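This report refers to the structure that appears directly beneath it.
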Amino acid sequence: MGAQSSSVSIGKMHLEQESLKTIPDLRSMVVTVNINTIARRIFEALTVPEYQETWLSMPGHDERSYIAATRIGQSYRLNRHGHSGIDVSVAGAYQVFRRNKLHFTWQEFGVSSTSESVVQIRLHGDFGRTSVHLIHRGPFSAEEYERHQEMWTASLQKLTSLLQGSHRPQ
């Protein structure tokens with residue numbers, strides 16, 4: 001279904017307006033957490049598929065769902081397996097892959113497919129405390145924005161619990 005348009009005439013000017021409900025806005029969401037561990041451990045948790053499977057929390061995830069992550073070169077895929085097989089799949093590619101900085105594309109396929117967006121993660125810290133600053137930019141509808149905000153907030157909270165729970169001071 002295409003965008004609906006309406007025409008407005010003002011004197012000799014003729015303006016076309018597209019319905020805001022049918023065109024997603026380019027929006028950015030920001031989530032920041034502080035984790036009591038070193039940046040290297042966080043980087044590994046963010047990029048190693050086996051670790052991604054433990055902390056990523058997609059909306060609708062329950063005790064019978066699980067995430068399978070794969071990475072080949074600079075490309076990755078995250079599949080959430082629900083009650084009847086894969087219900088959400090996310091694919092993308094790393095554009096920047098450094099110990100304190102990650103940029104990657106993000107596109108969902110499945111029940112709610114989305115346009116490609118970009119996730120940027122910066123790690124700032126020293127010896128035992130690191131700040132994780134995530135920005136997700138894309139052409140999100142209001143519903144997609146809320147879903148992604150919920151996902152990243154829950155996921156980074158889970159990552160924090162995972163890494164701080166296994167952190168043992170010596």
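The values are calculated or read from the model by the stated rules, or taken from the named source; none is laboratory data. Just so we're clear, the structure is a prediction, and the values are computed from it rather than from any experiment. Cβ sites come from the backbone with ideal geometry, for glycine too, and all protein chains shown count toward neighbours. Surface areas here come from the heavy atoms of the whole protein model, side chains and all, with no ligands, DNA or RNA. Shrake-Rupley method; radii C 1.70, N 1.55, O 1.52, S 1.80 Å.
Tabulated values for the structure
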{"quantity": "Selected residue (criterion: modelled with the highest pLDDT) from residues of the stretch 47-74 that are charged (D, E, K, R) and more than 20 Å from THR105 (Cα to Cα)", "calculated": "ARG64"}
{"quantity": "Every pair of residues 6+ apart whose Cβ atoms lie under 9 Å, when the first sits in the stretch 44-57 and is part of a loop (DSSP other than H, G, I, E, B) while the second is open to solvent by 60 Å² or more (accessible area, probe 1.4 Å)", "calculated": "VAL48/ARG71; LEU56/LYS158; SER57/GLU150; SER57/GLN157; SER57/LYS158"}
{"quantity": "Set ARG27, ARG41, ARG99, ARG80: member being in contact with a Phe, Trp or Tyr (Cβ under 9 Å, 6 or more places away or on another chain), farther than 14 Å from VAL119 by Cα, touching a residue at least 40 places away in the same chain (Cβ under 8 Å) and charged (D, E, K, R)", "calculated": "ARG99"}
{"quantity": "Any hit, the stretch 91-104, residues being at pLDDT 95 or above, over 17 Å from ILE121 (Cβ atoms), open to solvent by less than 50 Å² (accessible area, probe 1.4 Å) and in a strand (DSSP E or B)", "calculated": "yes"}
{"quantity": "Test: residue in the stretch 111-118 that is within 16 Å of SER57 (Cα to Cα), within 11 Å of the chain's Cα centre (by Cα) and open to solvent by less than 10 Å² (accessible area, probe 1.4 Å)", "calculated": "no"}
{"quantity": "Residue that is modelled with the lowest pLDDT [pool: residues in the stretch 112-136 that are of a type outside the set (D, E, K, R) and assigned to a loop (DSSP other than H, G, I, E, B)]", "calculated": "SER112"}
{"quantity": "Residues of the stretch 137-148 that turn out to be closer than 11 Å to PRO59 by Cβ and modelled with pLDDT of 95 or more, as a count", "calculated": "0"}
{"quantity": "Output for the stretch 39-85, where each listed residue is of a type in the set (Phe, Trp, Tyr) and either touching a Lys or Arg at 6+ places or on another chain (Cβ under 9 Å) or exposed (fewer than 13 other Cβ atoms within 10 Å of the Cβ) (or both)", "calculated": "PHE43, TRP55, TYR66"}
{"quantity": "Flag if GLU150 is open to solvent by 50 Å² or more (accessible area, probe 1.4 Å), closer than 29 Å to ILE38 by Cα, not small (Gly, Ala, Ser) and not in a strand (DSSP E or B)", "calculated": "yes"}
{"quantity": "Scope the stretch 121-146; condition open to solvent by 50 Å² or more (accessible area, probe 1.4 Å) and either β-branched (Val, Ile, Thr) or out of contact with any Lys or Arg (no Cβ under 6 Å at 6 or more places or on another chain) (or both); matching residues", "calculated": "HIS124, GLY125, ASP126, PHE127, ARG129, ARG137, ALA142, GLU143, GLU146"}
